[in-house]
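Below: the structure, in structure tokens.
The values are calculated or read from the model by the stated rules, or taken from the named source; none is laboratory data. Since we're looking at a predicted model, the values are computed, not measured. Note that we place each Cβ from the backbone using ideal geometry, even for glycine, and neighbour counts take in every protein chain shown. Surface areas here come from the heavy atoms of the whole protein model, side chains and all, with no ligands, DNA or RNA. Shrake-Rupley method; radii C 1.70, N 1.55, O 1.52, S 1.80 Å.
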Amino acid sequence: MKGSLPLTDKEKLSSMASLVAYEDSDSEAETEPAGSFNPAIQMKDASDAVRPPGPDFASEVLDAKNGGALPTKHGSCEDTAGCRLPLARLWSRDSGSCPNQRLQWPRTEPEVTFPTSQPARPSLWASHAPAGHVPLAAARLKQVKLFWGASGSPEPSCCARTGSETPGEDGSSSLQRRWREDCVVPYTPKRRRQLQKALSTETGKSKAVEPQGPCAGRAPAPLCVAPQVSEFIQPYLDSQYKETKIPRKVLFHLRGHRGPVNNIQWCPVSSKSHMLLSTSMDKTFKVWNAVDTGSCLQTYSLHSEAVRAARWSPCGRRILSGGFDFALHLTDLETGTQLFSGQSDFRITTLKFHPRDHSVFVCGGFSSEMKAWDIRTSKVVRSYKATIQQTLDILFLREGSEFLSSTDASSRDSADRTIIAWDFRSSAKISNQIFHERYTCPSLTLHPREPVFLAQTNGNYLALFSAVWPYRMSRRRRYEGHKVEGYSVGCECSPDGDLLLTGSADGRVLVYSFRTASRARTLHGHTHACVGTTFHPVLPSVLATCSWEGDVKIWH
């Protein structure tokens, strides 16, 4: 343009540097291929670079008046073939950082050579130097691989790629090329660091959980069960169960779970009733020899979340489990294989086998419906839906044509739908006006001899109901004295029906007389809430309890 004064070389360089410094990082795409050498770019890099004093860099200062000639000495940045490598830039375009960010230049490092015939190993100085004096480039020398360019000569060790810097994995291949060229780690923004940390955490969790799931292809080991019957159970197999004696002392204290134990159950087969099943929130369920030795026979880690419910099959050779990972598994104890695997659409909190057809079970959880599964077809055969929030417990009545569900009703002003009676075949509601008090019932149990059932309520008492329609509640008999306080405290009757057993939120175990509703004995067994109690089906004076602390106790 006419009338404009000619710019000097120094003003041209300063204006060029200001344009480069405030250039938008996202406006241009990367056009320079990795490993290429361009003299023009070499001159530009030399003009923008600020080199710290040191023996590895030339002490001459670039003078714009002498034509911008580069110094002839380059120290360690000049390779043996005579080709000059590009000098380190202050920042990378892809990183989006500014020139005033904190940069750490690599200090003077001893030259390290790796033999091409043997795998690369970390050098002695990198492993034995003090932590405060290890250079930045030395800290990143892990799994170093030699990179051979197009000319056939290896690049220096400082430009070698590590095993974790693979181009194209996260879409930042241009940034990886700049790292190899510059030998300086650019500043990473805080948002990108947080995103990378979250991705690495999720990847580590998936890798840690993956071997525990059923897709890992590693079945649990077969359960080692002695062929002979326990010597303590053998004398009671042929005799009729007469009466239950209240235990007084602890026989075994079973520790092994790392989380709260939700429930426990003895094996329903009398000859194998020395085995005890415990379900825990630590994603596992265990099988114990709770009569002879008190040892753990096997631990099953089939779920990726807490295991809320697990039940013995009526044959005593399988265990059905469901958890918060929406998964259902039927495990064969003799072979360690999974005979059935299903995926529910809600978190499982309770499941029960049908008393007649042992191939069918009903499960419920954090959903407004319950589902009946058929193990033979691995499909849902029936659904039971109500206006509720979740299902707390399921109880089949004697013939299996009807069952009860204890629910968390969605309405605060009405006491209906707390306990619902269902017809198993038609999925129809028989009655939803059974319990009229404003308390939820976390557990249900059936009396072994009389047509009645009991419900544990959050009102700190046990209520008694008739097991035939219209399922009336008894106003005369109520079992009080324990605490529930929101825990899923279980209750159970003794095999002869004379005693009633329940846990308590303060760790106590209370034994009531079923006829008189008076308290027979109180056992101070746990420091945390006692949520599971069960009598042995054969031995008259053996009792098992579990707590929210994660331990199981066997009483005798």
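With the requirement that a residue be open to solvent by 10 Å² or more (accessible area, probe 1.4 Å), within 20 Å of residue 293 (Cα to Cα) and either free of Cβ contacts under 8 Å to residues at least 24 places away in the same chain or not in a strand (DSSP E or B) (or both), what does segment 545-556 give you? Before you say what the answer is, go through the steps one by one.
Applying the first criterion (open to solvent by 10 Å² or more (accessible area, probe 1.4 Å)) to segment 545-556 yields 548-549, 551, 553, 555-556.
Of the ones still in play, those that are also within 20 Å of residue 293 (Cα to Cα) are 551, 553, 555-556.
If the condition is that a residue be open to solvent by 10 Å² or more (accessible area, probe 1.4 Å), within 20 Å of residue 293 (Cα to Cα) and either free of Cβ contacts under 8 Å to residues at least 24 places away in the same chain or not in a strand (DSSP E or B) (or both), then 556 is the only one that fits.
Sort out which residues of segment 335-390 are hydroxyl-bearing (Ser, Thr, Tyr) and touching an Asp or Glu at 6+ places or on another chain (Cβ under 8 Å), and write them in order of number.
If the condition is that a residue be hydroxyl-bearing (Ser, Thr, Tyr) and touching an Asp or Glu at 6+ places or on another chain (Cβ under 8 Å), then 350, 359, 367, 383, 384 are the ones that fit.
Scan the strands (runs of 3 or more DSSP E) fully inside segment 425-544 and keep the ones with 1 or more residues being more than 28 Å from residue 409 (Cβ to Cβ). Working first, answer last.
Numbers: elements: 429-431, 443-446, 452-457, 461-466, 473-480, 491-493, 499-503, 508-513, 519-524, 530-535.
Answer list for segment 425-544: 499-503, 508-513, 519-524, 530-535.
If we scan segment 182-201, do we find a residue that is open to solvent by less than 30 Å² (accessible area, probe 1.4 Å), charged (D, E, K, R) and either farther than 30 Å from residue 510 by Cα or modelled with pLDDT under 75 (or both)? Talk me through it step by step, then tell me what you get.
Filtering segment 182-201 for residues open to solvent by less than 30 Å² (accessible area, probe 1.4 Å) gives 182, 184, 186.
With the extra rule that they be charged (D, E, K, R), the set shrinks to 182.
Among the residues that remain, those that are also either farther than 30 Å from residue 510 by Cα or modelled with pLDDT under 75 (or both) are: 182.
There is at least one residue in segment 182-201 that is open to solvent by less than 30 Å² (accessible area, probe 1.4 Å), charged (D, E, K, R) and either farther than 30 Å from residue 510 by Cα or modelled with pLDDT under 75 (or both).
Please work out if residue 299 is touching a strand residue (DSSP E or B) at 6+ places or on another chain (Cβ under 7 Å), open to solvent by 20 Å² or more (accessible area, probe 1.4 Å), part of a strand (DSSP E or B) and not hydrophobic (A, V, I, L, M, F, W, C).
Details: touching a strand residue (DSSP E or B) at 6+ places or on another chain (Cβ under 7 Å): yes; open to solvent by 20 Å² or more (accessible area, probe 1.4 Å): yes; part of a strand (DSSP E or B): yes; not hydrophobic (A, V, I, L, M, F, W, C): yes.
Yes.
I'd like the residue in segment 262-296 that is assigned to a strand (DSSP E or B) and small (Gly, Ala, Ser) and, out of all such residues, is farthest from residue 221 (Cα to Cα).
Of segment 262-296, the ones assigned to a strand (DSSP E or B) are 262-266, 275-280, 285-289, 295-296.
When the remaining residues are screened for being small (Gly, Ala, Ser), the result is 278, 280, 295.
On the way: 278: 18, 280: 19, 295: 16 Å.
Filtering first and then ranking leaves 280.
Report, by residue number, each residue of segment 387-404 that is surrounded by fewer than 22 Cβ atoms within 10 Å (Cβ to Cβ), without any contact (Cβ under 8 Å) to a residue 40 or more places away in the chain and either β-branched (Val, Ile, Thr) or part of a strand (DSSP E or B) (or both). Steps first, please.
Going through segment 387-404, the residues surrounded by fewer than 22 Cβ atoms within 10 Å (Cβ to Cβ) turn out to be 387, 389-390, 395-402.
Okay, now just the ones that are also without any contact (Cβ under 8 Å) to a residue 40 or more places away in the chain, so 387, 389, 401-402.
Of everything in segment 387-404, those that are surrounded by fewer than 22 Cβ atoms within 10 Å (Cβ to Cβ), without any contact (Cβ under 8 Å) to a residue 40 or more places away in the chain and either β-branched (Val, Ile, Thr) or part of a strand (DSSP E or B) (or both) turn out to be 387, 389, 402.
Does residue 237 qualify as being open to solvent by less than 60 Å² (accessible area, probe 1.4 Å), in contact (Cβ under 8 Å) with a residue 40 or more places away in the chain, farther than 19 Å from residue 545 by Cα and touching a helix residue (DSSP H, G or I) at 6+ places or on another chain (Cβ under 9 Å)? Outline the logic, then answer.
Working: open to solvent by less than 60 Å² (accessible area, probe 1.4 Å): yes; in contact (Cβ under 8 Å) with a residue 40 or more places away in the chain: yes; farther than 19 Å from residue 545 by Cα: yes; touching a helix residue (DSSP H, G or I) at 6+ places or on another chain (Cβ under 9 Å): yes.
Answer is yes for this residue.
Within segment 328-373, work out how many residues are more than 21 Å from residue 395 (Cα to Cα), touching a residue at least 24 places away in the same chain (Cβ under 8 Å) and surrounded by fewer than 21 Cβ atoms within 10 Å (Cβ to Cβ).
Taking segment 328-373 and keeping what is more than 21 Å from residue 395 (Cα to Cα), we get 331-343, 345.
Applying the additional criterion that residues be touching a residue at least 24 places away in the same chain (Cβ under 8 Å) yields 331, 333-342.
Now narrow it down to the ones that are surrounded by fewer than 21 Cβ atoms within 10 Å (Cβ to Cβ): 334-342.
Summing the residues that are more than 21 Å from residue 395 (Cα to Cα), touching a residue at least 24 places away in the same chain (Cβ under 8 Å) and surrounded by fewer than 21 Cβ atoms within 10 Å (Cβ to Cβ) in segment 328-373 gives 9.
Is it true that residue 271 is touching a residue at least 12 places away in the same chain (Cβ under 8 Å), surrounded by fewer than 19 Cβ atoms within 10 Å (Cβ to Cβ), over 25 Å from residue 503 (Cβ atoms) and out of contact with any Cys (no Cβ under 6 Å at 6 or more places or on another chain)?
On the way: touching a residue at least 12 places away in the same chain (Cβ under 8 Å): yes; surrounded by fewer than 19 Cβ atoms within 10 Å (Cβ to Cβ): yes; over 25 Å from residue 503 (Cβ atoms): yes; out of contact with any Cys (no Cβ under 6 Å at 6 or more places or on another chain): yes.
Yes.
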